[in-house]
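Participant: Once you've had a glance at the structure underneath, I'll fire off some questions.
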């Protein structure tokens with residue numbers, strides 16, 4: 001795993017993609033507000049991930065975001081390319097649920 005420096009002292013971000021050379025990725029700017037943004041919530045099909053996403057949907061909706069829900073067919077494989085494309089086209093940001 002490669003490490004990237006963070007703007008937060010003492011915090012290290014790990015890149016789990018297994019790339020041999022460190023890719024240069026710009027950190028996207030944070031929105032000032034969630035009002036009017038479309039946020040995607042991706043359930044990876046692990047047990048109780050939907051419980052976490054239900055809570056996030058409530059909190060994001062309270063802040064004015066439009067929430068769209070998506071679900072992977074199985075947690076054992078990456079999301080299908082069509083699903084990833086759909087999320088990228090429809091959402092400003094996405095949260096993936098990881099739970100057991």
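Participant: I want to check the label-to-label distance for residue 59 and residue 30. Put each point 7 Å from Cα in the C-beta direction and report it in nm to one decimal.
Facilitator: So the two model labels end up 1.3 nm from each other.
Participant: Can you bin every Cα-Cα distance in region 34-97 into 10 Å intervals starting at zero and give me the percent of pairs per bin, rounded to whole numbers?
Facilitator: P(r) for region 34-97, in whole percents per bin: 23, 53, 23, 1.
Participant: Kindly state, to the nearest 0.05, the FRET efficiency for residue 21 paired with residue 96, given R0 = 30 Å and r defined as their beta-carbon distance. Present the calculation step by step, with values, prior to reporting the outcome.
Facilitator: On the way: r = 25 Å, r/R0 = 0.84.
Given R0 = 30 Å and the Cβ-Cβ separation, E is 0.75.
Participant: May I pose another question? Could you give the length gained by full extension between residue 37 and residue 89, i.e. 0.36 nm per residue of separation minus their alpha carbon distance, to one decimal place?
Facilitator: 17.4 nm
Participant: With label points built 7 Å along Cα→Cβ from the Cα atoms of residue 48 and residue 76, find their separation and express it in nm.
Facilitator: Inter-label distance under the simple model: 2.2 nm.
Here, each number is a calculation from the coordinates, and none is a lab measurement. Computed from a predicted structure; not experimentally measured. As a convention, Cβ positions derive from the backbone with ideal geometry for all residues, glycine included, and neighbour counts pool all protein chains shown.
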